[in-house]
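Contents: one structure, followed by commentary.
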Amino acid sequence: MPRYVSLYSLFLRQRLKILMEYRVNFFIGAVSTLIEQTAGLLTVWVVMQRIPLLNGWTYEELLLVYGLLALSKSLTYLFADNLWTVGREYIRTGGFDRFLVRPVDPLFHLLADRFDHQGLGHLIIGGILVSTASARLGITWDLPHLLYLVVAVLSGGLIFIGLNLITCVSAFWIMDSVPVTRVVFDMNEFAKYPLSMYNRGVQFVLTWLVPYGFASFYPANYLLGRDVGVLVWLGPAVAVTLLLIGYRLWLFGLRHYASTGS
Amino acid sequence: MPVIQAENLSKVFHIPQKDPGVAGAVKALFRPRFQPKVAVDDVSFQVAEGEVVGYIGVNGAGKSTTIKMLTGILVPSGGQVRILGRDPHRERVANARDIGVVFGQRTQLWWDLALTESLGMVARIYDVPPTRYRQLLDQFAEILELKDLLHVPIRTMSLGQKMRAELAATLIHEPKIVYLDEPTIGLDLIVKERIREFIQQQNREQGTTVILTTHDLGDIETLCRRVLIIDAGKLIYDGPLSLIKERFGKFREITFDTASPVTTFTLPTGAEVVAAEERKLVLRFDRTRATASQVAASLMNQLEVVDFSLAEPDLANIIKHIYQGALREDGGRRTEDGGRKAEDGRPELQASLGR
C-alpha cells in the first residue's frame, strides 16, 4: 500500500510537469470547465426565477444538491478519467500490453497514468456552491456534519468511478467503450435535481440501478435535516458494492483481453 | 530447470464476422457471428537459463501471440506456460519483476518526459535501488551511447535513439528473461550493431535469457545459436542455426559460362533453370536427387563450358523457402534430435506434423 501511494505521487508529479509544458491546453481546459459549469447553473437559475419553489425545494437548496454532485464528479475526473478511454487510447493502440508486464496492478497503473486537471474546475465550483448554499441555509459545519460531508463526497465519487469501471470493462470486447460509459454516466444529469420531483420509476433507477442519488440528493437531505430514513446512510455501502462488482468484472475482462495484432 | 516451459500451447481468437454495409453492421449487432482463428497451435518448447533463442516466422505466423502468452498478456486457450516456475498470467506481478519486454515500435517511455526522468520512473516502478540504478544508468549510457540524450524528451528522438532508450528502460531492473519483439526493425546498420552488441553483453555478463523475434537474419546470425521457426501457428523447427542450412538447404545453384550462346539442351535430372542469358546459365538442383558432378557432367557433355561455379544456399533463401511453405509440402516438423538419415543419405523429412 505505501508503495502504491508513493508510486501514485510519482506519477502525479510527472503528469503535472507535463501539464505545465502544455500551458495553453491547461488554460483551455480550465476555461471550458468553467463555461460548462456556468451554463448548467444558469439553467437552474432561469428555472428558479420563474418558480421560486421546485417541488418544495428553494433555490439555495437546489444549489446544495448541484454542488454536492459537482464535488463527487470531480473525483472521477481527477483520479479515474482513464476509465473513459481505456479502449480508445490503450487497448486499441496496444499500449495496454505495457501495463500487463509491469510489476504493478494493471488497474492502478491505468488510473495513475492520467490526472485530468479539468476535475479541479468541478472541485472548485462544487466547493463554492456547497459553502455559499450552506451559509445561506444556515447549515453549521460542526464535526459530525463536516465528517458526513467528506464521507458523502468520497462515496459519491466512488459511485461515479464504480459505474465507469463497470461500463469500461466492455472495452475488452468492443474496443471502444465510450458510448456505453456515456449512456450510464449521462444519467447523473437527473441527480442535479432532487429525486423527489421524479416519478417512482426514475427514483428507483437513480437509487438502486445507477445510484447517482447517493452523490447528491440523499446527502443533501441529511445536511438539510430532511428525513429520507436509512437511505442517507447507505452511500458508502453502495459505493463499496459498485467497486467490488466493477473490480470482479474488470478481472473477468482481463482474462478475455485479446490484445491487438503484431 | 528450464526458465521457460511451454507445453502444448494454443491460442484461438474469435474474430467477429461482419457483412458489408449498414445492414451488415446492424445484423452483426443483433446476431454476432464469430469465426475461430487458431493463432498458435500446440506449441511446445523449453528454454534454459542463459540461452539466446531466435523466434522467427512470417507476419501472422503466431510469433507475437506466443510472446504475449509467455509474458502473461494473453491467457492461453490450451496448454500451459511456466516462466521460472510461475504462471505468468495468474502471478502477473511476480513474473513482471523478472522479465523485460520490448514491443517493436511501441515505446514504454513517456513521450513528453526527458529520458532520465522516464528511466527514473521505470526504475521506481521496478523498485530498483537508487545506487544500483545510477550504476546501471552510467553503464547503459556508455554502451548504448545515450549520454547526449539523457535530457532530451522521447518525442524528439529518432527511431534509432528511441530504440536504444527503450532497451535501457527494459533492462534497467536487470530482468532474468528478456523478450525482444523486433528490436532492430527499421534501424540503420550502425544502430543494429550497437543493439546486438548490447544484447550480447547482457547475455554474457548477466546470464540474461533472451527470446528474440525478428525478420532480420543478421540478428539471428549474430545472436542466436538456437532458432524456433513457427509457421501457421505450428512450430516447424526447433534446433541450432547451423542445422537449418544442412537440413533445409537441399537446393544448390550452379552457374555455367558458355563459349557460345545456349540454344537447346536437355535438363539434367533433378535440376531446373533459374536464369538463362546469352552465355550464362543458372541451374538449381535438389542435392538429394542429384550431385553437383552429375549436373555439371551432363551439361558439359552438351555445351562448351568456359567456367562454372557452385553456390551454397544462403540462410535468407532457405528461410524464404520455409516461409513459402516448402516445408509444409514436405510435411516436415523438425526437432533437434529428429534428424534421422534415410538410406540414401537424404534427411528424413516425413516427421510428425500434426501428430
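The values are calculated or read from the model by the stated rules, or taken from the named source; none is laboratory data. Model, not experiment: these values are computed from the prediction. Note: ideal-geometry Cβ built from the backbone for every residue, glycine included; neighbour counts use all protein chains shown.
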Could you check A:Y22 against (1) surrounded by fewer than 14 Cβ atoms within 10 Å (Cβ to Cβ); (2) touching a helix residue (DSSP H, G or I) at 6+ places or on another chain (Cβ under 8 Å); (3) among the aromatic types (F, W, Y); (4) within 11 Å of chain B (Cβ to nearest Cβ) and say which number it fails? (2)
Given the criterion buried (at least 22 other Cβ atoms within 10 Å of the Cβ) and away from every other protein chain (no Cβ under 11 Å), identify the matching residue among B:L74, B:L109, B:L115. B:L115
If A:Q118 satisfies every condition in (1) within 24 Å of A:L10 (Cα to Cα); (2) within 14 Å of another protein chain (Cβ to nearest Cβ) but one, which is the exception? (2)
Can you name every residue in the range B:153-175 that is assigned to a helix (DSSP H, G or I), farther than 17 Å from B:G100 by Cα and more than 14 Å from chain A (Cβ to nearest Cβ)? B:L159, B:G160, B:Q161
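Here is a yes/no grid of residues against (1) polar (S, T, N, Q); (2) without any contact (Cβ under 8 Å) to a residue 60 or more places away in the chain:
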position: B:E166; (1), (2): no, no
position: B:T184; (1), (2): yes, yes
position: B:V191; (1), (2): no, yes
position: B:G207; (1), (2): no, no
position: B:I211; (1), (2): no, no
position: B:T222; (1), (2): yes, yes
position: B:L228; (1), (2): no, no
Which condition from (1) touching an Asp or Glu at 6+ places or on another chain (Cβ under 9 Å); (2) under 21 Å from A:A258 (Cβ atoms); (3) in contact (Cβ under 8 Å) with a residue 24 or more places away in the chain; (4) in a loop (DSSP other than H, G, I, E, B) is the one that B:I73 breaks? (3)
Among the residues that make up the range B:83-102, is at least one of them farther than 25 Å from B:I211 by Cα and assigned to a strand (DSSP E or B)? no
Based on what the data block shows, is A:L83 away from every other protein chain (no Cβ under 14 Å), buried (at least 19 other Cβ atoms within 10 Å of the Cβ), in contact with a Cys (Cβ under 9 Å, 6 or more places away or on another chain) and modelled with pLDDT of 95 or more? yes
State the number of residues belonging to the range B:178-195 that are at pLDDT 95 or above and either surrounded by fewer than 23 Cβ atoms within 10 Å (Cβ to Cβ) or of a type in the set (S, T, Y) (or both). 1
The range B:89-105 residues that are within 7 Å of chain A (Cβ to nearest Cβ), paired with ones that are basic (K, R) (beta carbon under 6 Å, 6 or more apart): B:A96/A:R102
Among A:L251, A:L206, A:L243, the single one that is in a helix (DSSP H, G or I), touching a residue at least 40 places away in the same chain (Cβ under 8 Å) and of a type in the set (A, V, I, L, M, F, W, C) is A:L243
Only one of B:A169, B:A165, B:A141 that is within 29 Å of the chain's Cα centre (by Cα) and over 22 Å from A:F11 (Cα atoms): B:A141
For the range A:118-150, name all the residues that are β-branched (V, I, T) and surrounded by fewer than 15 Cβ atoms within 10 Å (Cβ to Cβ). A:I128, A:T132, A:T140, A:V150
The residue that is farthest from the other protein chains (Cβ to nearest Cβ), considering only those in the range B:118-152 that are among the β-branched types (V, I, T) and surrounded by fewer than 18 Cβ atoms within 10 Å (Cβ to Cβ), is B:I143
Those residues of the range B:8-37 that are within 14 Å of another protein chain (Cβ to nearest Cβ), in contact with a Gly (Cβ under 9 Å, 6 or more places away or on another chain) and either of a type in the set (A, V, I, L, M) or over 21 Å from A:H256 (Cβ atoms) (or both) come to a total of 1
If the requirement is being farther than 17 Å from A:I166 by Cβ, at pLDDT 95 or above and either surrounded by 14 or more Cβ atoms within 10 Å (Cβ to Cβ) or acidic (D, E) (or both), which of these qualifies: A:Y218, A:Y193? A:Y218
Would you call B:P240 of a type outside the set (A, V, I, L, M) and more than 27 Å from B:I125 (Cα to Cα)? yes
Of all residues in the range B:53-65, which are crowded, with 24+ Cβ neighbours inside 10 Å and away from chain A (no Cβ under 12 Å)? B:Y55, B:I56, B:G57
Members of the range B:230-273 found to be part of a loop (DSSP other than H, G, I, E, B), surrounded by fewer than 19 Cβ atoms within 10 Å (Cβ to Cβ) and touching a residue at least 60 places away in the same chain (Cβ under 8 Å), listed by number: B:A232, B:G249
Looking only at the range A:31-54, decide whether some residue is within 14 Å of chain B (Cβ to nearest Cβ), more than 19 Å from the chain's Cα centre (by Cα) and surrounded by 15 or more Cβ atoms within 10 Å (Cβ to Cβ). no
Considering only the range A:131-169, state which residues are modelled with pLDDT under 95 and under 19 Å from the mean Cα position of the chain (by Cα). none
For A:T241: the one exception among (1) more than 14 Å from chain B (Cβ to nearest Cβ); (2) closer than 30 Å to B:S64 by Cβ; (3) of a type in the set (S, T, Y): (2)
Considering only residues that are assigned to a strand (DSSP E or B) and either aromatic (F, W, Y) or modelled with pLDDT under 90 (or both), look in the range B:9-35 and name the one that is farthest from B:D231 (Cα to Cα). B:R33
